[in-house]
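Shown next, in structure tokens, is the structure this report addresses.
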Amino acid sequence: MEKSLRISVIGELRVEGREQKMALPSSRKARALLAYLALTARPVRRQRLCELFWDLPDDPRASLRWALSKLRPILDTPSTQRVEADRERVSLVLDDVEVDFGTLRAQLFNNRTHMPVAELEEMADALAEPVLDGLDIAGGEDFQMWLMGEREDARLMRVNVLRRLATHAELEPSDRIKWAHRWLDLMPFDAQAASTLVAACRTTGRMREARDIERAFRETAAEAFIKLPADFGEPTPVKLLEKPEKPLRDSRPRWRLRSQSIGFCKAPDGVSIAYASVGSGPPLVKAANWLNHLELDWGSPIWGPTFLACAHERRFIRYDERGNGLSDWQVDDLSLDSFVTDLETVVDALGLERFPLLGLSQGCAVSIEYAARHPERVSGLVLISGYATGWRIGASKAEQERREAVMTLTRHGWGTPNPAYRQIFSQTFMPDAKPEELDWFNEFQRQTTSPENAARFQEAFGHIDVRESLPKIKAPTIVFHSRGDQRISIEQGRELAVGIPGAEFVPLDSRNHILLGSEPAWSVCLERAIAFLRRHGI
């Protein structure tokens, strides 16, 4: 069906009817509001819009009403009301409206195998322009972070298009060189881009240019600790999911650290939450768990292989929950509700409409609660080492006393150089870890949060209870749990699978609560999770 209205957000904001271009308000904030509603494509709380665009002294609610009054004459007609607003929320009805960014995204990801050259070239040219050019300072810090995320989306989409053009079977090698050059310019650390360009130059007889490009990239790779594939220079993709021979020395996670984009958003109570995005493709969102740090995680012998796999052919999104990592440490509220709010804040800031959730440990409970509250937005759940109830609920008196003693030790010894206090956690998280892996995790925990917050997290996790939310889950779900998990028993993992309608349960041959990339159970978990997502078209 032909759309009555077209909103273009790539380049300068434009609105066009079937026969004419619409005159937009002179106010940058009103134009930015229109773009935000069009790209978000769902109802947004008035409070959230006020926080994005107006400071308190400006009477944000009145300013929002004024901006909406400027948009209605452009978007509404006597027969069609596109701007809908009630006392709580504002939305833009897009039934007969085309948004260029959404159209390009759908074209790209609905046609994953083959697209005509002319269509790809048109997309590459369109995506070369910045999203919402000229509206960088139309809102506050939260708006600017959101805009950075949209522009990063556009950049990764363009990378995808350039890759397809540079490797397109219907293009001559001489034509592919141009697109491979642009691909490498956009992704200067991408070995596949450099390899494709070198091979195309060789095929056309441009041997000197091929040698110069290869030599320059090898120098770049050495500086960035990038391990080149053995067949560098040939047009074959780098196998990112290949299991590394030496996980502790694999440099690819550190390379990913250089390519990830970090932003910040504010939860309703004013707490600043740090989030990161890396890779391209359909989104995969990881709920926060004990403990995270968006930068330190990538150098981890524990998290590095897992996060690298998550970013393969996907846009992998994760965040540091309140109280740790790059997010605010000085917070009043550490509770399940606040953890869910942090997740809501991040996905809202990124404008994600529908996505699968990955939960690890208490991140499983956060994912479950979010999916129960927002069933329309969660396309699938992958739950690893999770539980429905914390240690304050149902645990024996002896177990509760032991946990309280550990909290006391945490408050007094967490921040000291002596790792003995933190070793209490490391040993139960990963009893089969190597000494160097435990040493890394001990130091990582110390840098990630304060002693007081570490104790508060333990207390908050003890009160988690999502049992009533389990039967409300509508999304396809797969539950993984180690048979010998010494932190959370396999019975608790099985409880999740029993309580969630239709959930799959996969027991793993491991004693580790956190799976290590070097153990067979990690590979089993990864392969089954990928198969699950593909089977459900997620």
Got a number for residues in the stretch 521-538 being touching a strand residue (DSSP E or B) at 6+ places or on another chain (Cβ under 9 Å) and open to solvent by 60 Å² or more (accessible area, probe 1.4 Å)?
-> 4
All conditions in (1) of a type in the set (A, V, I, L, M); (2) more than 30 Å from GLY380 (Cβ to Cβ); (3) at pLDDT below 60; (4) surrounded by 15 or more Cβ atoms within 10 Å (Cβ to Cβ) are true of VAL238 except (2)
Only one of ARG155, ARG211 is out of contact with any Asp or Glu (no Cβ under 9 Å at 6 or more places or on another chain), part of a helix (DSSP H, G or I) and within 30 Å of ILE273 (Cβ to Cβ); which?
-> ARG155
Enumerate the pairs (first residue in the stretch 438-449 and surrounded by fewer than 19 Cβ atoms within 10 Å (Cβ to Cβ); second residue anywhere and aliphatic (A, V, I, L, M) and in a helix (DSSP H, G or I)) with beta-carbon separation below 8 Å, excluding pairs fewer than 6 apart on the same chain, so at least 6 apart or on different chains.
-> GLN447/LEU296
Of those in the stretch 117-145 that are over 24 Å from the mean Cα position of the chain (by Cα) and without any contact (Cβ under 8 Å) to a residue 12 or more places away in the chain, the residue most open to solvent (accessible area, probe 1.4 Å) is GLU122
If we scan the stretch 4-21, do we find a residue that is of a type in the set (Asp, Glu), touching a residue at least 24 places away in the same chain (Cβ under 8 Å) and either more than 23 Å from GLU129 (Cβ to Cβ) or part of a helix (DSSP H, G or I) (or both)?
-> no
Residue satisfying all of: in the stretch 284-317; outside any helix (DSSP H, G or I) and among the β-branched types (Val, Ile, Thr); farthest from LEU352 (Cα to Cα) among these | ILE302
Matching residues in the stretch 465-485 - criterion: being within 18 Å of THR389 (Cβ to Cβ) and outside any helix (DSSP H, G or I) = ASP465, VAL466, ILE473, THR477, VAL479, HIS481, ASP485
Within the stretch 474-487, restricting attention to residues that are over 21 Å from ASP297 (Cβ atoms) and in contact with a Phe, Trp or Tyr (Cβ under 8 Å, 6 or more places away or on another chain), which residue is surrounded by the most Cβ atoms within 10 Å (Cβ to Cβ)?
-> HIS481
Residue list for the stretch 190-211, filter: touching a helix residue (DSSP H, G or I) at 6+ places or on another chain (Cβ under 6 Å), in contact (Cβ under 8 Å) with a residue 12 or more places away in the chain and not aliphatic (A, V, I, L, M) = THR196, CYS201, ARG202, THR203, THR204
Does GLU209 qualify as being out of contact with any strand residue (DSSP E or B) (no Cβ under 6 Å at 6 or more places or on another chain), of a type outside the set (Gly, Ala, Ser) and either open to solvent by 50 Å² or more (accessible area, probe 1.4 Å) or at pLDDT 90 or above (or both)?
-> yes
Residue in the stretch 504-515 that is most open to solvent (accessible area, probe 1.4 Å), counting only those that are touching a helix residue (DSSP H, G or I) at 6+ places or on another chain (Cβ under 6 Å), in a loop (DSSP other than H, G, I, E, B) and within 15 Å of GLU491 (Cα to Cα) = ASP509
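The values are calculated or read from the model by the stated rules, or taken from the named source; none is laboratory data. In this text the structure is predicted, and so the values were computed from the model without any measurement. Neighbour counts are summed over all protein chains in view; Cβ atoms, including those assigned to glycine, are modelled from backbone coordinates with ideal geometry. Surface areas here come from the heavy atoms of the whole protein model, side chains and all, with no ligands, DNA or RNA. Shrake-Rupley method; radii C 1.70, N 1.55, O 1.52, S 1.80 Å.
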